[in-house]
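Here is the structure we will look at.
The values are calculated or read from the model by the stated rules, or taken from the named source; none is laboratory data. Treat the numbers as computed from the prediction; the structure is a model and nothing was measured. Glycine also receives a Cβ, built like all others from the backbone with ideal geometry; neighbour counts cover every protein chain displayed. Protein only, heavy atoms only, side chains kept; ligands, DNA and RNA dropped before computing areas. Shrake-Rupley method; radii C 1.70, N 1.55, O 1.52, S 1.80 Å.
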Amino acid sequence: MSDADRLARGALSRLTEPGDPRIAGLVAQVGAVKLLEALSDPAQPTDAARDVASRLHALDAGADLAHAARLGLRYVVPGDSEWPRQLDDLMHSAALDHRGGPPLGLWVKGPTRLDQLSRAVAVVGSRSATTYGTEVAAGIAATLVRAGHPVVSGAAFGIDQAAHRGALGVDGSDIAVLACGADRAYPTAHRDLLDHLGRTSAVIAEVSPGCAPTRGRFLSRNRLIAALTCGTVVVEAAARSGALNTASWTIRLNRHLMGVPGPVTSAQSQGVHELIRSGAATLVTHGEHVLELVGEVGTHLATPPRAETRSRDGLPPRDARVLDAVPFASPASVVSIAATAGLALLDVQAALRRLDHRGLVELAEGGWRLTPAANT
């Protein structure tokens, strides 16, 4: 990628809001350099176009890149060896809330390369999370990174914070995607977390260093979380949760969408329940379920839950029928047991011997009765 293209993309990113599908489409058609030249021409026919040219003239993308380098940030653009190619799928996805298209470039702080995120999984959810939600999110994140899947989230309060904590707890690859500049800490309470990720993993932003977060930028950020990863797990999301926007992008990009159910009375889980009920999301309850979906075919197959094996399990049908006819308290004769079971006397006698050998019945004064082992 040429320096001119990198500078042009940096300038255009300062000019527009992230996720502007018009800019993404024009860059794809004519290239960033030619688009910048066309927009920078002061001889524009309209006042709006002349205003854009004036703003571009005041920008210094080279200074932005130099300032970012001093802060320890790098600007990764399409064509770089580090560029995550899965982001290019955004070009072929329909816009959502007037946002779409791949980013012009990404500002990155941290040693993790973006081209190593093809197996990453997003874990997102409510900011006002419950203890149940944070515990599940942390457990899923820890299981994922142990299996070699980087975890991506948005560094917000609640589920995002729990996902980052779970990944860091097992020293896994943990990526934060921000709605502000990668040099800023938002929320400020997570400054230590973001500083740590910037040293050990990666902090990613689409907007230039120094930019503040806005409501619209959070929505643009969500498309990146969905596009960078091979699947998204939603843990607790209310009916109007921003995590549902990430889920919508996941569906548009044909990635795996998974939802963790909560109590049916929980407002924080209403959005997740609707995703599952409509068939948009696959129900998952722990990390092994997630790995079964996002892992290679035939690997990480989740074991279905099984009840504890009991002493009656595996009995032949005739023996089970006889056992059901044997009383627990008062011993019964073979004749009485045979009548209750509806079987021949000789068959019942043979069955009782087999059951006695298993320790399920015992011969007492007056007949046969169940042992305590028969009820375990």
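Remarks
- Computed with every protein chain present, the accessible area of Asp171 is close to 140 Å² [probe 1.4 Å].
- Counting Lys and Arg as +1 and Asp and Glu as -1 over every other residue whose Cβ lies under 14 Å from the Cβ of Ala212, the net charge comes to +2.
- Sequence-distant residues sharing a close amide H with Cys211 (under 5 Å, placed H): Gly181
- Using the Karplus relation 6.51 cos²θ - 1.76 cosθ + 1.60 with θ = phi - 60°, the per-residue 3J(HN,Hα) values for region 8-13 come to 5, 5, x, 5, 5, 5 Hz, with x marking Gly and Pro.
- Antiparallel content of DSSP bridges confined to the chain, in %, to 5: 40
- Annotation note: trypsin sites (Lys or Arg not before Pro) in region 218-289 located in DSSP loop regions with a Cβ neighbour count of at most 10 within 10 Å are Arg240.
- (1) 26, 38, 18, 12, 6, 1; (2) 26, 57, 16, 0; (3) 31, 62, 6, with the label sought being that of the calculated P(r) over Cα pairs in 20 Å bins from 0, in percent: (1)
- Other-chain or far-sequence residues with amide H under 5 Å of Glu236's (modelled H): Val260
- 222 nm mean residue ellipticity, helices alone, for the chain (DSSP H n ≥ 4; -39,500 (n - 2.57); rounded to 500): -13000 deg cm²/dmol
- Counting only protein heavy atoms and a 1.4 Å probe, region 189-270 has 36 square angstrom of accessible area per residue.
- Label point at Ser330 placed 7 Å out along Cα→Cβ; residues across region 355-376 whose backbone nitrogen lies under 14 Å: 366-369
- Label-point separation in nm, Glu17 to Arg354, each point 7 Å along Cα→Cβ: 7.5
- Length released on extending from Ala66 to Ala4, taking residue separation times 0.36 nm less the Cα-Cα span: 20.9 nm
- Coupling constants for region 251-265 follow from the phi torsions by the Karplus curve (6.51 cos²θ - 1.76 cosθ + 1.60, θ = phi - 60°), and in residue order they are 5, 4, 8, 6, 9, 5, 10, 10, x, 9, x, x, x, 5, 8 Hz; glycine and proline get x.
- Distance between the modelled labels on His92 and Ala320, one decimal in nanometres: 5.2 nm (7 Å Cα→Cβ projection).
- Solvent-accessible area per residue in region 275-376 equals 64 Å², computed with a 1.4 angstrom probe and all protein chains kept.
- In region 275-376, the GluC sites (Glu not before Pro) that fall in loop regions by DSSP, at most 15 other Cβ within 10 Å: Glu296, Glu308, Glu365
- Amide proton proximity set for Ile175, modelled H, under 5 Å, gap of 5+: Val151, Val152, Ser153
- Once C-alpha pairs closer than 8 Å and six or more residues apart are averaged by separation and normalised to the residue number of the chain, the relative contact order reads 13 percent.
- Heavy-atom accessible area, probed at 1.4 angstrom with all protein chains present, ranks Asp97, Asp5 as Asp97, Asp5, highest first.
- Karplus 3J(HN,Hα) series, Hz, for region 60-72 with 6.51 cos²θ - 1.76 cosθ + 1.60 (x for Gly, Pro): 10, 5, x, 5, 4, 5, 5, 5, 4, 4, 5, 7, x
- 15 Å beta-carbon shell around Leu275, net charge (K/R +1, D/E -1): +2
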